[in-house]
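First comes the structure, then the notes that go with it.
The values are calculated or read from the model by the stated rules, or taken from the named source; none is laboratory data. All values derive from a computational prediction rather than experimental measurement. We place every Cβ from the backbone using ideal geometry, glycine too, and count neighbours over all the protein chains shown. For the accessible areas, the whole protein counts, side chains as well, though only heavy atoms, and no ligand, DNA or RNA atoms are used. Shrake-Rupley method; radii C 1.70, N 1.55, O 1.52, S 1.80 Å.
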Amino acid sequence: MESEHGWKFTQCFGDKADLEDVTEADIISTVEFDHTGDYLATGDKGGRVVLFERSDNKQGCEYKFYTEFQSHEPEFDYLKSLEIEEKINRIKWLRPNNNSLYMLTTNDKTIKLWKVCEKTLKQVSENNLLDGDRAPPADISSLRLPKLVPCENIVAAIPRKIYANAHAYHINSISVNSDAETYLSADDLRINLWNLGINNQSFNIVDIKPANMEDLTEVITAAEFHPESCNYFMYSSSKGTVKLCDMREAALCDQHAKQFEEPEDPASKNFFSEIISSVSDVRFSSDGRYILSRDYLTLRLWDINMEREPVRTISVHDYLKPKLCDLYENDCIFDKFECNISGDGKQAMTGSYNNYFSIYNLAEEGNDVMLQADKNAFRAKRVQGPNGSKSKVGIPRNGRGGLRKEDIDPENIDYNRKILHSSWHPRENTLAVAATNNLFIFTD
């Protein structure tokens, strides 16, 4: 079914500067809605976290700036002579149990638990000396009791826990368990299980590091807990597999319960096959029944009960196949695109180059929309469609159809502009899309 209104651009946050003028620290590295969709968080390469709050006084879904804080600082590992950059790799929200917001943020090595809350600042309004402006009181009857008077409300971010020194390699994923007590963190070769209340101890639940590093054939690329069953989690690998593990079976889950992998066609095997088959992101549907996985060229939807083959295989950008050699030379072939699945499980979304991203109807093929998160939205420049209608950001006025994949010329694509990070509102069709240093909001 096609929506009555179609997808449309609603908001854009960030600096209007051209791509060449963007500071590296301002590039957005992760985006995440909370469980209600009332708050939205972004992390950037400068170690900052910016929060947005849903605006109540306007029609539709609009967000406004809430607060910003410095989550991570650059560090240096003196033992390994290694610089640890401040870039925020992942943000995961915890379910709130009071008026405060809680979230986990991580860079390559250190995970932090933050509490964000509104506080009232108070100042002393009366005292006996008034900073020396008057003489001390003559007798006890003229003594005044100091008074604290509220002066302003602020939003404060307080680090409650720091989980450090548990990963030898770069952390690529964190995921909060449905039991609300534990979470996992994954690096290239290991996955650790943490209790939120204990920051000096974690349990290793997956370890794929070989005895001899020369025998290393794959790395872990992403990991996530099942949204309902607290004993299940999955992780993806650079070999193109997604493995589902059950923590009830063993303390160390090296033996997976299920493995989802599409066999490679020997006829199409080439030099780039291993690189492009690496899974860059995996997501459970909200009911935990389906798994969405993304590799360089393809989006796959798996039924958790059927390992044999994916329910749906979607080609994201076929037109790049002849360009793989160029993409290898400019390192774009190693880009890690994220994927998202809607709260109702009916649609999926993932990004591409030139700030293109596509929304796919998982129930029926052919009913897909390709859009572009474009800076022209700032300038309110209107783009003329093939039928003469005009709209912002390359979207037809009725939102249907979007851009046509067949019309894209891979020779004219800007490979420096790419949609790697995004998040889908948990309860409605609203997308937050990061394009370099800008955050775009699209709604259906």
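The table that follows gives values for the structure above.
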{"quantity": "Unique residue being modelled with pLDDT of 75 or more, in contact with a Lys or Arg (Cβ under 7 Å, 6 or more places away or on another chain), open to solvent by 70 Å² or more (accessible area, probe 1.4 Å) and not aliphatic (A, V, I, L, M) when the list is Pro150, Pro146", "calculated": "Pro150"}
{"quantity": "So Ala267, is it in a loop (DSSP other than H, G, I, E, B), open to solvent by 70 Å² or more (accessible area, probe 1.4 Å) and not aromatic (Phe, Trp, Tyr)", "calculated": "no"}
{"quantity": "Verdict on Glu118 being surrounded by 12 or more Cβ atoms within 10 Å (Cβ to Cβ) and at pLDDT 90 or above", "calculated": "no"}
{"quantity": "Residue under evaluation Ser280, criteria (1) closer than 30 Å to Cys230 by Cβ; (2) out of contact with any Phe, Trp or Tyr (no Cβ under 9 Å at 6 or more places or on another chain); (3) surrounded by 15 or more Cβ atoms within 10 Å (Cβ to Cβ), criterion not met", "calculated": "(2)"}
{"quantity": "Considering residues of segment 201-225 that are within 26 Å of the chain's Cα centre (by Cα), among the hydrophobic types (A, V, I, L, M, F, W, C) and open to solvent by 40 Å² or more (accessible area, probe 1.4 Å) only, the residue nearest to Ser278 (Cα to Cα)", "calculated": "Val219"}
{"quantity": "Tally of residues being in contact (Cβ under 8 Å) with a residue 24 or more places away in the chain and more than 15 Å from Ser285 (Cα to Cα) across segment 236-256", "calculated": "12"}
{"quantity": "Candidates Ser100, Ser81, filtered to the one that is surrounded by fewer than 18 Cβ atoms within 10 Å (Cβ to Cβ), at positive phi and not β-branched (Val, Ile, Thr)", "calculated": "Ser81"}
{"quantity": "Selection within segment 165-187 - over 18 Å from the mean Cα position of the chain (by Cα) and open to solvent by 50 Å² or more (accessible area, probe 1.4 Å)", "calculated": "Asn165, Tyr169, Ser178, Asp179, Ala180, Glu181"}
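Conditions tested, residue by residue: (1) modelled with pLDDT under 90; (2) open to solvent by 40 Å² or more (accessible area, probe 1.4 Å).
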| site | (1), (2) |
| --- | --- |
| Asp15 | yes, yes |
| Leu19 | yes, yes |
| Val22 | yes, no |
| Glu32 | no, no |
| Asp38 | no, yes |
| Gly43 | no, no |
| Asp56 | yes, yes |
| Phe69 | no, no |
| Glu75 | yes, yes |
